[in-house]
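Visitor: Quick one: the structure is below, and I'll ask about it shortly.
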Amino acid sequence: MDVHRALVVGRSPINRVVVSKIVERSGLKPIAETPEAAMETLRRIVPGTVILDGGASNKDCDGLMAQLATLRRMSGGKMPCVILLSTRVGCGKVLQATATIDAVVAKPITPEQLQPVVERLLESQGGCSGTT
């Protein structure tokens, strides 16, 4: 597990770049991937943080959820920390009911919204748990 790495996953190349820049400000080394490429990356590298851009339907990264859940079980249920970027207002409580998502951040993504969440999760790296 590399706690200094953050995997940024999304279909939009622009969103991946924007989120990667925000993550860098928190001192992490981002790896930006499409959902399909992220599956292979997670087989090679286990980052401390994963940020998923759910897309318009919040389902763009659903294919990664089982793999992330397995990684969390292997680490005792704490790592990697997972943040979902969501376009839907009010879906955070439902999405956080899954044991795989630690925080939901509403789009549009700004440094003022995302960076404090990333930093809060980094501080609690021994046990991820956060909401926005």
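The values are calculated or read from the model by the stated rules, or taken from the named source; none is laboratory data. All values reported here derive from a predicted model rather than from experimental measurement. Note that we place each Cβ from the backbone using ideal geometry, even for glycine, and neighbour counts take in every protein chain shown. Only protein heavy atoms, including side chains, enter the accessible area calculation; ligands, DNA and RNA are left aside. Shrake-Rupley method; radii C 1.70, N 1.55, O 1.52, S 1.80 Å.
Visitor: Give me the distance in nm between label points sitting 7 Å out from Cα along the Cα-to-Cβ direction at GLN115 and THR87, one decimal.
Guide: 2.7 nm
Visitor: Next question, about the same structure. Express the carbon and sulfur contribution to the solvent-accessible surface of region 2-123 as a percent, rounded to the nearest whole number, probe 1.4 angstrom.
Guide: 58 percent
Visitor: Let me ask you something else. Stretched out fully, how many nm does the piece from ARG11 to ASP62 gain, at 0.36 nm a residue minus the Cα gap? Write down the numbers at each step before the final one.
Guide: Working: separation 51, 0.36 × 51 = 18.36 nm, distance 1.22 nm.
Difference between extended and current length: 17.1 nm.
Visitor: Solvent-accessible area per residue for region 2-123 at a 1.4 Å probe radius, Å²?
Guide: Averaged over the residues of region 2-123, the accessible area is 48 Å².
Visitor: Ok, one more. So for the pair GLU123, LYS21, with labels modelled 7 Å out along Cα→Cβ, what separation do we get in nm?
Guide: 2.6 nm
Visitor: Round to the nearest 0.05 the FRET efficiency obtained for VAL3 and ARG73 when R0 = 22 Å and r is the Cβ-Cβ distance.
Guide: 0.75
Visitor: OK, next. May I ask you to derive the relative contact order of region 2-123, considering only C-alpha pairs under 8 Å and at least 6 residues apart, and to give it as an integer percent?
Guide: 25 percent
Visitor: Taking square-rooted eigenvalues a ≥ b ≥ c of the alpha carbon gyration tensor, is region 1-93 rounded, prolate or oblate, where a/c under 1.5 means rounded and, failing that, a/b exceeding b/c means prolate?
Guide: rounded
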